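Everything on this sheet refers to the single structure shown next.
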Amino acid sequence: MSATDNIVSVRGVKRRYKMGDEEVWALAGVDLDIRRGEYLSIMGPSGSGKSTLFNMIGGLDRPTEGQVLMDGQDVRGMDVRQIAYLRCHKVGFIFQTFNLVEVMTAEQNVMLPMTFAGVTDGEASGRARMLLEKVGLGKRYDHRPAQLSGGQQQRVAIARSLANDPDLILADEPTGNLDLKTGEEIIKMLSKFTKEMGKTVISATHDDKMLAASDRVVYLVDGQITQIKTQAELDIKIGGIADRSTGAAH
C-alpha cells in the first residue's frame, strides 16, 4: 500500500505531560497508518492514551516527539492558521457529550462550522437541512437541544461533523451517553457514511458494539499499541468478542 492510500500516518509519537514534579507519558511511541475510507476503532482502558492519540490526529494537541502526518503534512509543524483550517475543513468532530449550543436550533448548530468557513447563510441553511434529513431529523430542524433526546442530539452532532464535507470524522466515545438501541443506530449511521460518502471514521471507544462496524481495531495499553485486529480476525457475538485467531474473549 502506498503512502497516498493513507489519510493519516502516525510516526513515533510520544506525548509527555508534567504533573507537579512527575512526568507522565500518555503516549510512549505510537506508529499507525490510517487508510482512506476505513472505519477504525481505537480501544483501551481509561488512561491508555486513546483520547490523547485522538487529539493528536485532530490537531487538538501536539506530540512531544514524533510526527502526525495528515495527507502528508506534519501537523506538529503547522501554525495556528493552518491548524484552524485543518479543524474547519478536513476534520469533523463528534463528542460523547454532543457539545451542541443550547440556545441554537438543530439547523443553526449544523450551520455553525459553515459560518466559520465563510459559507453564506442561504447555502449553509440548505446544506444543514439536507444533512439533518440524511440523519433522520428533517422535521426537527427548528428544535433546540433541550427538545431533543440524547440520540437525536448525537444525530445533530453527526450532521454538524459533516457540514464542511471533511475527509476525516473523529468520534470520541460517540455512544457513551446513549442506551443500547440508540447506540447501535448511531454506529450503523457512522458505518453507512463511511461507505456511502467515502469518509474515514476514527472512533475512540470503550464500546464493544463499535467492533461490528470497524474495518480494523487498534488496542492501546499504557500509551502503546499492543495489537491491531482486522474485522476478519474478530467474531462478533452477543455477550463478548471472540478473537478468531486465539478463541479468547475480550
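The values are calculated or read from the model by the stated rules, or taken from the named source; none is laboratory data. Please read all numbers here as calculations on a predicted model, not as lab measurements. Please note: Cβ atoms are built from the backbone with ideal geometry, for glycine as well, and neighbour counts cover all protein chains shown. Accessible surface is based on the protein model in full, side chains and every heavy atom, while ligands, DNA and RNA are left aside. Shrake-Rupley method; radii C 1.70, N 1.55, O 1.52, S 1.80 Å.
Using 0.36 nm per residue, how much length does the chain from residue 177 to residue 67 gain when fully extended, once their Cα-Cα distance is taken away? Write down the numbers at each step before the final one.
On the way: separation 110, 0.36 × 110 = 39.60 nm, distance 3.24 nm.
Extra length available between residue 177 and residue 67 comes to 36.4 nm.
Counting 0.36 nm for each residue step from residue 222 to residue 192 and taking away their Cα separation leaves a gain of 7.6 nm. According to the calculation over all Cα-Cα pairs in the range 15-139, the P(r) per 10 Å bin from zero is 10, 32, 32, 20, 5, 0 %. Over the range 84-124, the ratio between the Cα radius of gyration and 2.2 N^0.38 Å evaluates to 1.21. Note on the range 87-243: antiparallel DSSP beta bridges, both residues inside, total approximately 50 percent of the bridges counted. Surface composition of the chain: carbon and sulfur make up 49 percent of the accessible area, probe 1.4 Å.
Across q = 0.17, 0.18 Å⁻¹, the range 60-205 modelled as identical point scatterers on its alpha-carbon atoms has Debye log10 I(q)/I(0) values of -0.96, -1.06, in the order of the q list.
Taking 0.36 nm per residue of separation and subtracting the Cα-Cα distance, what length does fully extending residue 121 through residue 76 add? All intermediate terms of the calculation are to be shown ahead of the outcome.
On the way: separation 45, 0.36 × 45 = 16.20 nm, distance 3.33 nm.
Contour length minus the Cα-Cα distance gives 12.9 nm.
With only Cα atoms counted, the range 124-179 has Rg and Dmax values of 11.3, 31 Å. Any chance you could tell me what percent of the C-alpha pair distances in the chain go past 26 Å? When every Cα pair of the chain is considered, 41 percent fall beyond 26 Å.
With both labels modelled 7 Å from their Cα along Cα-to-Cβ, the residue 104 to residue 31 distance reads 4.1 nm. Residue 192: which lysines have alpha carbons under 18 Å from its alpha carbon, excluding same-chain residues fewer than 8 sequence positions away? Leaving aside lysines fewer than 8 places away in the same chain, those within reach of residue 192 are 134, 181, 209.
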